[in-house]
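Reviewing the structure listed below.
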Amino acid sequence: MRSQNSPVSILDGIIAPVRPEMDEVERNIRSWTASPNPLIAEVGRYLFQDKGKRLRPAVLLLSSRVAGYRGSEAPFLAGLIEVIHTASLIHDDIIDNSALRRGRESVHAKWGPNITVLLGDFLYIKSIGLCLRASDDRIISIMAELSARMIEGELTEYFYSRNPEITENQYLDIIDMKTASLFSAASRIGAALGRLDPESESRLADIGKYFGMAFQIIDDLLDFEGREEILGKPVLSDLAEGRITLPLIHALDGPPGDGAGRLAGFVRRKDLDASDRKAVLDILRTRGSLDYAFAKAEGYTEKARALLASFPESPERNALLDIADFILARET
């Protein structure tokens, strides 16, 4: 049975070992988005007034503790990770023409595409500029490479929009670039702060990657199985926007019959009514595609757990193990 608590309250309990640092992350983000420009200040307040899950900063902070770091730089870099994440969501909403984000009007819907694309660019550039203060030049390189990979992933996803011939490997490459690269960068930066040896740093980076892969697959599953009042957007929004995700790929790639041909027709269309959406869900359930996607996400969290077992036990390591469970159980 899923918890009746909100995802944010559940995560608050998990990240208790780094709660003071998470509070500092919030203060950093608000200071960076404060501006004498009234428009930047207004949109910044709108974006960050709801602090959300802040999962990526938490991964950075917990990873740095697992790596033995106890300095003051981690909350600064964790805030930058969250700002880069927010910038990517702003650009996503422009590309997808999304009207809602977390149950509220998207920045794109509220202020229009011109202001929104400029604000997304502003947050990206602001983040890269701030990361020049990092004590380790490698961290600057990680941040710069991360931004390029995320944008490349967005472009690749757009290229495959409404293409029923996209393969599972192509999909996994896209979510690796778009989502997992940010989680991986967060855990790698934590390792770099702790001056871990290259092999241990690589393990922590892979833990972040596996978290990100599982997170995105669950996110894509929720588009089919979630509840609109919790998601803050209509179900099957991804399909309506042309995004082909793992459950669809699995159903399309299976043996003929059970509606595969009909499903390919739905994928190519933009105007799905309620009966069409029900038909899509029926096909996915019949072909076992939703269960397949969940098992894939679960496999990534198991890989993360196996790597975490190689680090000494600590409250921070245990919190990362709990994050693996949180990713699989979340409803938004």
- Query: How many residues does segment 286-332 contain that are modelled with pLDDT of 95 or more, surrounded by 16 or more Cβ atoms within 10 Å (Cβ to Cβ) and over 26 Å from residue 58 (Cβ atoms)?
  - Reply: 3
- Query: Restricting attention to segment 253-303, which residues are farther than 20 Å from residue 214 by Cα, part of a helix (DSSP H, G or I) and of a type in the set (A, V, I, L, M, F, W, C)?
  - Reply: 260, 263, 264, 266, 267, 274, 279, 280, 281, 283
- Item | Verdict on residue 174 being over 25 Å from residue 304 (Cβ atoms), modelled with pLDDT of 95 or more, surrounded by 15 or more Cβ atoms within 10 Å (Cβ to Cβ) and among the hydrophobic types (A, V, I, L, M, F, W, C) | no
- Checked against (1) part of a helix (DSSP H, G or I); (2) under 30 Å from residue 227 (Cα atoms); (3) in contact (Cβ under 8 Å) with a residue 12 or more places away in the chain, residue 76 satisfies every condition except (2)
- Has segment 177-188 got any residue that is over 16 Å from residue 212 (Cα atoms) and under 19 Å from the mean Cα position of the chain (by Cα)? no
- Query: So which of 72, 106 is in contact with a strand residue (DSSP E or B) (Cβ under 7 Å, 6 or more places away or on another chain) and among the small types (Gly, Ala, Ser)?
  - Reply: 106
- Hey, can you tell me all the residues within segment 304-331 that are of a type in the set (D, E, K, R) and part of a helix (DSSP H, G or I)? 305, 316, 317, 322, 325
- Only one of (1) modelled with pLDDT under 95; (2) surrounded by fewer than 21 Cβ atoms within 10 Å (Cβ to Cβ); (3) touching a Ser or Thr at 6+ places or on another chain (Cβ under 8 Å) fails for residue 44. Which number is that? (2)
- Item | When residues of segment 98-134 are limited to those that are among the hydroxyl-bearing types (Ser, Thr, Tyr) and in contact with a helix residue (DSSP H, G or I) (Cβ under 6 Å, 6 or more places away or on another chain), the one farthest from residue 159 (Cα to Cα) | 127
- Item | Every residue from segment 71-88 that is surrounded by fewer than 18 Cβ atoms within 10 Å (Cβ to Cβ) and modelled with pLDDT under 95 | 71, 72
- The lone exception for residue 95 - which of (1) of a type in the set (A, V, I, L, M); (2) part of a helix (DSSP H, G or I); (3) more than 17 Å from residue 158 (Cβ to Cβ); (4) touching a residue at least 40 places away in the same chain (Cβ under 8 Å) it fails: (3)
- Tell me which residues, restricted to segment 127-160, are touching a residue at least 60 places away in the same chain (Cβ under 8 Å), in a helix (DSSP H, G or I) and over 29 Å from residue 238 (Cβ atoms). 130, 139
- Item | Single residue of 156, 179, 245, 167 found to be among the polar types (S, T, N, Q), modelled with pLDDT of 95 or more and under 26 Å from residue 69 (Cβ atoms) | 179
- Quickly run through segment 206-222 and pick out the residues that are under 11 Å from the mean Cα position of the chain (by Cα) and acidic (Asp, Glu). 219, 220
- Query: When segment 151-171 is examined, which residues are found to be crowded, with 17+ Cβ neighbours inside 10 Å and of a type in the set (Gly, Ala, Ser)?
  - Reply: 153
- Item | Cβ pairs under 8 Å, 6+ apart, first in segment 309-328 and more than 16 Å from residue 187 (Cβ to Cβ) and touching a residue at least 12 places away in the same chain (Cβ under 8 Å), second part of a helix (DSSP H, G or I) and among the β-branched types (Val, Ile, Thr) | 325/301; 328/218; 328/301
- Task: For segment 214-242, enumerate the residues that are among the hydrophobic types (A, V, I, L, M, F, W, C) and outside any helix (DSSP H, G or I).
- Result: 235, 236
- List every residue pair whose Cβ atoms lie under 8 Å apart, where the two residues are 6 or more positions apart in sequence or sit on different chains, the first residue falls within segment 53-72 and is within 12 Å of residue 18 (Cα to Cα), and the second residue, located anywhere, is in a helix (DSSP H, G or I) and hydroxyl-bearing (Ser, Thr, Tyr). 59/187; 60/187; 63/187
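The values are calculated or read from the model by the stated rules, or taken from the named source; none is laboratory data. Here the structure is a predicted model, which is why all the values come from computation and not from measurement. In this analysis, Cβ positions are derived from the backbone assuming ideal geometry, glycine residues included, and neighbour counts consider all displayed protein chains.
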